[in-house]
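Only one structure is covered here, and it is reproduced in the block below.
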Amino acid sequence: MAGALLARFAAERVHEGATAVKLVDRQPVEGTERPTIYIGHRQWRDAQGKLRTARRWSAEWFLHDKQHHKSLGTNNKVAAVREAHALHRKIRQGEPTAAPREVRLAELVEGYMTLKRGEGRAPKTLEKYQSVLDDFASHCDGRGVIYGSRVSEDDFWSFEADKTLSDKTRYDRRVVILQLMKWATQRAELILKNPLRHVKMKKPEWAEQPCFTAEQVAALRAAADPGMRDMILFLAFTGCRFGEMRDVEWGDIDFGTGSHGFVTIRRGGSDEKTKGKRSRRVPLHPTLHDVLRKRVPSGERVFSAEDIGGHRGGVLVDTVFLRKLKQLCAKCRFNEPDQFKTHSFRHFFASMLARNNVSYKYALEFMGHRDSNILDLYYTMFDRDAERAIRAIKIPNAPKPAA
C-alpha cells in the first residue's frame, strides 16, 4: 500500500544516514547541544586498502541512538563551524538534513496507483491512470530518465507529441502526469521539488457533441425493434447514462407517486452507485409510463440483453447497444450516423429541458449534476429554436424625416 511504500523509502533514508563513519581531528562544535555536533575529516580505505583522509570537513552527531554524518562541503575550518551551526538549527527545528533518496518514476507510479485504488476510484478511471502513467514512464525511460526528480518539461511536452489525439484527450492524459508529480512532491514528499511545477496548460474548448433532435428520436423509435425502442425512449426521457439504464431495477420505479410516477436512479457507476455518487429521482414522462407499464418483468432489471437479441436474463453490454444504435442511425439515413453515441440521448434530454424552460434547479437534479456550467455543455441549440429567437426580436421603425 502507499503507506508501506512511503515507510520503506523513509527506512532506506535513515539507513543511508546511519552508516558508521570514522572522523580524524574530531572535535565538538561549541554552542551545539542536544545533539552535539562534532566536526572532523572522514577516513576510508580505497580499493587497494590504503587509508585515505578527506580534505573537506564532515559533521557527526547522534540522534535517537543512531549515528549520522554529513559533508560540510568546505576545506576551511571557520566555514565548517558555521555550517555545523546551521546544521544544528535544522536538526532542532525538525528540518531534513539530507537529500531524499532518488525515487524511480516506476515506483512513483506504483505508489500513486495504490493510493487511487485505496480511494475507491472507478475501475475505468484506474485503468486510464495506469495506462497513461505506464506509457509516460516508458517514454521517459526511452529518453534515459528513470528518476522522478529528473523528469524535465521537455520529457513532458514530447510525450505522445507524434500521436494523433484530440485536444481534449491529449489534455486529459497530460493532467494525469501533472497530478502524479504534484502528489509525489506535496503529499508523499518523495521529491523535494516538482520538476513540472512551471508547466501551464490551456484547457481546450469543449468540442461540440452530437445531439439527437426530437424528430430523430421519433425516427429511431419507429425503426427499432420493440426492446430497443423501449430503451431509446428511456434514455431520451430520463437523461440516464447507459450504465444507469442497464442497472435500473423494477424496485426503482414507483408508478404510484404523482401523476405518472418516478424512477430513482441509484446505480450505474462504480461501487453500486451513480457516477455522481448520489441517487436522483426523475418524473416519468406519460409516454414512458405507458411503455413501462406494458413491459413484462423477467427479472430484477427492467432491461436485459434479451431486448436486443442477447441471452434471456443477460446483462446489457454497452458496445453491443452502441453498435445497434449506429446501425439504426444509418438505417434512418442520419447525416454522419457514426458520430452518434449513447450519450447523445443525454444531450437530447438536457436540450429538451432547456427549450421547454425547465428551471436550472430541476434540470441539475434530473441530470445528476451540481454545477450549472456542466449542464451548459450538454445544452444544444437547434436551428429552428435559434431562428425563432431571432424572429422574436422587435426592431423599431426608423423615425420619419422632419418635413
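What follows draws every value from the coordinates through simple rules; no lab data is involved. All figures in this text were calculated on a predicted structure; none of them were measured in a lab. Quick reminder, even Gly has a Cβ in these numbers, built from the backbone with ideal geometry, and neighbours come from all protein chains shown.
Assorted remarks:
- Ranked by how many other Cβ atoms sit within 10 Å of their own Cβ, fewest first, the residues 107, 336 fall in the order 336, 107.
- Per-peptide average of other Cβ atoms within 10 Å, ordering 347-357, 184-194 highest first: 347-357, 184-194
- Packing-based order for 211-220, 256-265, 40-49, 233-242, using average beta carbon neighbours within 10 Å, highest first: 233-242, 211-220, 256-265, 40-49
- Put simply, when 307-318, 129-140 are sorted by average Cβ atoms within 10 angstrom per residue, most first, you get 129-140, 307-318.
- The distance between label points at residue 290 and residue 215 comes to 2.3 nm (points 7 Å beyond Cα on the Cα→Cβ vector).
- Relative contact order [Cα under 8 Å, 6+ residues apart], segment 105-187, whole percent: 40
- When the listed pairs 168/202; 168/203; 22/66; 203/277; 163/193 are checked against a 18 Å cut-off, the alpha-carbon distance exceeds it for 203/277; 163/193.
- Count Lys and Arg as plus one, Asp and Glu as minus one, and take only other residues whose Cβ is under 12 Å from that of residue 329; the net charge is then +4.
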